[in-house]
Amino acid sequence: MGTRTIFIFAAACSLIGSGVLNAATLPAGFTESAWGNSIANNCTAMAFAPDGRLFVCTQNGHLRVIDAGGTLLGTDFVTLTVDSNGERGLLGVAFDPNYFNNHYVYVYYTVPGVSGGAAHNRISRFTADTSMPANENVAVAGSELQILNLDNLSSATNHNGGAIHFGPDGKLYAGVGENATSSNAQSLSNRLGKILRINSDGSIPITAPDPNPTSFPGITGSPTGVNRAIWAVGLRNPFTFCFQPGTTRMFINDVGQSTWEEVNDGIAGSNYGWPVVEGPAPSPSPTPSYRYPLLYYGHGSNSTSTGCAIVGAAFYNPDILQFPASYVGKYFFGDLCNGWIRVMDTSNNTSSVFASGLSGSLVDLHVGPDGALYYLLQSGQVMRVQANPSQALNISTRARVETGDNVLIGGFIITGSGGKKVIMRAIGPSLSGLVPGPLADPVLELHAPGGALITSNDNWQDDPAQKTEIMNSGLAPSNNLESAIVATLQPGAYTAIVRGKNGTSGVGLAEIFDLDTAAGSQLGNMSGRGFVQTGDNVMIGGLIVGNNIGAARVVVRAIGPSLSGYGVNNPLADPVLELHDSNGALIGVNDNWQDDPDQAALIMDSGLAPSNALESAMLTGLAPGPYTAIIRGKNGGTGVGLIEVFKVQ
Ligand SMILES: [Ca+2]
Ligand SMILES: [Ca+2]
């Protein structure tokens, strides 16, 4: 059987310079857009830095940077002298798990042979220049440290692998191809056709408690010396692999020969069987030595279920949810030739089409820190796929309504263009039975940007025209003494105030609902301010997210002490914020917004860091549905508190 060579990079598409990309076909409710300008050069792999920058490898040795805002920078992080013949070149990039402290960036590239000698693949480490913030986008000159020099290559320029990733154990894993000599994959005397596992300084973990394997099923003997880096064997060209965030699970995509492409379960000491076996386990007698793939697909053209070479590996387990929650834990992979991305359900190892008709040859994909899916076309274009983000449609604030400064105040901002039709309500007596001491007779005031009174309402049926509008909204209060106002408001910041009639007090609810979700304007930021007490009289914010399938990216804050700067007497000294889902399950709790460094960094970047260190904030992605936020005073403290919800990009 002749070896059919899969030239990973041979199918170069002539998109370079075309400037126009046809949109891929995506599931309903998803859209894609270019992330940065085209690199206009053959690209091979990419990786997100922990700060949100995206580093992209060109085959000919340029490590490019797209900043966290999606702008392709003009200067390379580093420019390497590489052998880029065939499938050789700059093939992988990874960031040290401790990047924020050491600023180490690792690359996998093909070193040209010197003086007619053999080329070989190498892993090197570079250090980002932190002498000035702007310089972190370039490596310190002369900072290259060679971590690992692999076996000399034959004259064959294909099957180099090149993926590098840190595992949850802090070790650096590398996928290495068999250099088109299939027997290498079953040999323990070289590192080709393997997954390697090394320490980040290039040394090999050979001692307890977590040494590399010393034996491999179906192969006699043990690796020695540099070959102790071998972690798994029997692979042809593991061009992409990944770890599932938060777990020890690893999937390896092995590019096949003439029949099968594989997704393999990455387990230490495994033999994946190449070149003896490939594709599905024979039934009824699989060879016990070999670990057969979890999923495989056949070769073919013009189909979304066949292809030529598996590329791109990413589990959907982002820090911040963006896709519908049904994608969490699923695995994305794609094909070089047939322009598709599929999503694998790891509970039953089946897959379905996610994207098709990609406008070029896919070479890599990743889930970004924002929860969107990013894919790299060989032509040098990165695309970002998002589920269309939901909006905040309704917010309510419940607190005990007192008098003076301690009335209940709802604030909201309308963004975008054109009017937004909303209904505001002040609820009291219908809370009877739900809370002790409901506000007996609320009055609602609506104030314009700048503070002028627009209108007020005591009882919602007072005005016949308003009564009709309120009835038509389907949101008429259930008690005649409660208040409601329907209004179409231009973009700006508004305030709704709930008071007890004749200076009375009790637990009240201020609410606003979006009555025109199709408008060009949105309910942006919303807040509720009230007097936070204890027990049933803590302040409770309700939020409904909807109108699209994607998550809404929001910052929720609980503000207290900084209200004193606005002339508020008796502000809540030390708020604590809890966020619950519709089942009451706790999504998160935050005392002080800087408690979690990763969250604090995101909140700072959003421009919404509270001004007082005792105040609370969370940045999260909320799937469509209802949510509840509770503000308490720490250790039973009371005072005026403010809950805020901001939509962020
Ligand atoms: Ca009333
Ligand atoms: Ca606090």
The residue that is farthest from ligand 2 (Cβ to nearest atom), considering only those in region 435-477 that are under 12 Å from residue 509 (Cβ atoms) and touching a helix residue (DSSP H, G or I) at 6+ places or on another chain (Cβ under 9 Å), is 477
One residue is enough: does region 322-341 have a residue meeting the conditions at pLDDT 95 or above, assigned to a loop (DSSP other than H, G, I, E, B) and among the hydroxyl-bearing types (Ser, Thr, Tyr)? no
Could you please let me know if residue 239 is crowded, with 20+ Cβ neighbours inside 10 Å, within 25 Å of residue 144 (Cα to Cα) and not aliphatic (A, V, I, L, M)?
yes
The residue that is farthest from ligand 2 (Cβ to nearest atom), considering only those in region 560-582 that are over 22 Å from residue 318 (Cβ atoms) and of a type in the set (S, T, N, Q), is 569
(1) outside any loop (DSSP other than H, G, I, E, B); (2) out of contact with any Ser or Thr (no Cβ under 6 Å at 6 or more places or on another chain) all hold for residue 303 apart from (1)
Within region 114-161, residues assigned to a strand (DSSP E or B), in contact with a Ser or Thr (Cβ under 6 Å, 6 or more places away or on another chain) and within 21 Å of residue 60 (Cβ to Cβ) come out as 121, 126, 146
Expected single match for under 18 Å from residue 648 (Cα atoms) and of a type in the set (Phe, Trp, Tyr) among 354, 412 is 412
Test for residue 348: is it more than 23 Å from the chain's Cα centre (by Cα), without any contact (Cβ under 8 Å) to a residue 40 or more places away in the chain and crowded, with 21+ Cβ neighbours inside 10 Å: no
Original post:
Is one or more of the residues making up region 26-36 in contact (Cβ under 8 Å) with a residue 60 or more places away in the chain, surrounded by 20 or more Cβ atoms within 10 Å (Cβ to Cβ) and outside any strand (DSSP E or B)?
Top reply: yes
Before we move on, is residue 475 assigned to a strand (DSSP E or B), in the same structural domain as residue 572 (by TED's automatic domain parsing) and within 30 Å of residue 417 (Cα to Cα)? no
Residues in region 477-490 that are surrounded by fewer than 18 Cβ atoms within 10 Å (Cβ to Cβ) and either away from ligand 1 (no atom under 14 Å from the Cβ) or among the aliphatic types (A, V, I, L, M) (or both) total 3
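Residues are listed down the side, and each one gets a yes or a no for (1) within 16 Å of ligand 1 (Cβ to nearest atom); (2) surrounded by fewer than 17 Cβ atoms within 10 Å (Cβ to Cβ); (3) within 43 Å of the chain's Cα centre (by Cα); (4) closer than 26 Å to residue 547 by Cβ:
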site: 394; (1), (2), (3), (4): no, no, yes, yes
site: 418; (1), (2), (3), (4): no, yes, yes, yes
site: 425; (1), (2), (3), (4): yes, no, yes, yes
site: 430; (1), (2), (3), (4): yes, yes, yes, no
site: 434; (1), (2), (3), (4): no, yes, yes, no
site: 449; (1), (2), (3), (4): no, yes, yes, yes
site: 462; (1), (2), (3), (4): yes, yes, no, no
Scanning region 162-191 for residues that are in contact with a His (Cβ under 8 Å, 6 or more places away or on another chain) and either without any contact (Cβ under 8 Å) to a residue 40 or more places away in the chain or part of a loop (DSSP other than H, G, I, E, B) (or both) gives 177, 178, 179, 180
Of the candidates 107, 114, the one satisfying the condition of being free of Cβ contacts under 8 Å to residues at least 60 places away in the same chain and farther than 28 Å from residue 372 by Cα is 114
The one condition residue 590 fails out of (1) free of Cβ contacts under 8 Å to residues at least 60 places away in the same chain; (2) over 25 Å from residue 328 (Cα atoms) is (2)
For residue 212, the lone unmet condition from (1) closer than 25 Å to residue 168 by Cβ; (2) surrounded by fewer than 14 Cβ atoms within 10 Å (Cβ to Cβ); (3) among the polar types (S, T, N, Q) is (2)
Scanning region 393-436 residue by residue, the ones that are among the acidic types (Asp, Glu) and not in a loop (DSSP other than H, G, I, E, B) total 1
| said: residue 174 - would you say it is under 19 Å from residue 235 (Cβ atoms) and surrounded by 24 or more Cβ atoms within 10 Å (Cβ to Cβ)? | reply: yes
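The values are calculated or read from the model by the stated rules, or taken from the named source; none is laboratory data. As the structure is a computational prediction, the values presented were derived from the model and not from experiment. Virtual Cβ from ideal backbone geometry, glycine too; neighbours counted across all protein chains shown.
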